[in-house]
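Participant: The structure under discussion is supplied below as structure tokens; questions concerning it will follow.
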Amino acid sequence: MGYILSYPRSGNHLVRALIEYLSRRPTSSIYVIEDDNRGIAERFDAAALLGVDLGLPPEYVKVHRIAHLENRVDRSKPLIFILRDPFESISSDLRHIPQLIVWLTRRWPKEWAHFIENTREYVAWPGPKLLLYYEDIKSAPDASIRAIGEFLGVPEARIAEAKTNFTTIAGVGLISLPRKSRSGSDVAFYRKRRWFSYQIVAPEDLRHLFARYDSVG
């Protein structure tokens, strides 16, 4: 089984929906909270909409850190790695935690370390791998759909269908479970206080992968 690796709030649901549409197979997740281990089509009652055969076994599984797989990881399997602006991803993921707690527990540098850990996993991955940028999937999806389709080895006609039906697919894939923001800890708080970004400095050997993001030093 292949892996869909991303930091939280980086478009994993969207990519899972695209994979399910293109492959006609469900995806899975190593996390069982809120039924995340169920495929997107099954979980959101969209099997007919995505054309997924729920009787088929999944070929890709969601994971936010390869370390979460412990000794179950097989690095010969394919890896799809999703990158999003780290500032936006981390802000969004931490928005349910009071900002004072975030500051006192130094959560930002810890989460940035996980971001770097994921990126190093992608760079060193010996099996087949594909890099996707969340911003590209949303703003100009055709190229990303083609990249995913070709990586999966699906027919050209299905790639063309996915391009035509992207809005419908995204309507399922962008569904996410709501998290309650607490006072002073929403994403807007962090966007207005970009001084947090001093903690976001990419290592020299990975800087080229983050070059598009102004939030990364």
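The values are calculated or read from the model by the stated rules, or taken from the named source; none is laboratory data. Because the structure is a prediction, the values reported are computed rather than measured. Every residue, glycine as well, gets a Cβ built from its backbone with ideal geometry; the counts of neighbours run over all protein chains shown.
Participant: Select the helices (runs of 4 or more DSSP H) contained entirely in the stretch 36-129, then report the ones holding at least 1 residues which are acidic (Asp, Glu) and either closer than 23 Å to residue 18 by Cβ or touching a residue at least 40 places away in the same chain (Cβ under 8 Å) (or both). Quick ask: steps written out before the conclusion?
Facilitator: Numbers: elements: 40-43, 47-50, 86-93, 99-104, 107-124.
Counting at least 1 such residues, we get 40-43, 86-93, 107-124.
Participant: Which one is surrounded by the most Cβ atoms within 10 Å (Cβ to Cβ), of the residues in the stretch 2-35 that are among the β-branched types (Val, Ile, Thr) and not in a strand (DSSP E or B)?
Facilitator: Ranking the candidates gives 19 first.
Participant: From (1) crowded, with 23+ Cβ neighbours inside 10 Å; (2) over 24 Å from residue 124 (Cβ atoms); (3) not hydrophobic (A, V, I, L, M, F, W, C), pick out the condition that doesn't hold for residue 45.
Facilitator: All conditions are met except number (1).
Participant: Of (1) surrounded by 15 or more Cβ atoms within 10 Å (Cβ to Cβ); (2) modelled with pLDDT under 95, residue 176 satisfies all except one. Which?
Facilitator: If we test residue 176 against (1) surrounded by 15 or more Cβ atoms within 10 Å (Cβ to Cβ); (2) modelled with pLDDT under 95, just (1) comes out false.
Participant: I would also like to ask the following. Scanning the stretch 106-159 for residues that are within 12 Å of residue 81 (Cβ to Cβ) and of a type in the set (Lys, Arg), which turns out surrounded by the fewest Cβ atoms within 10 Å (Cβ to Cβ)?
Facilitator: This residue is 120.
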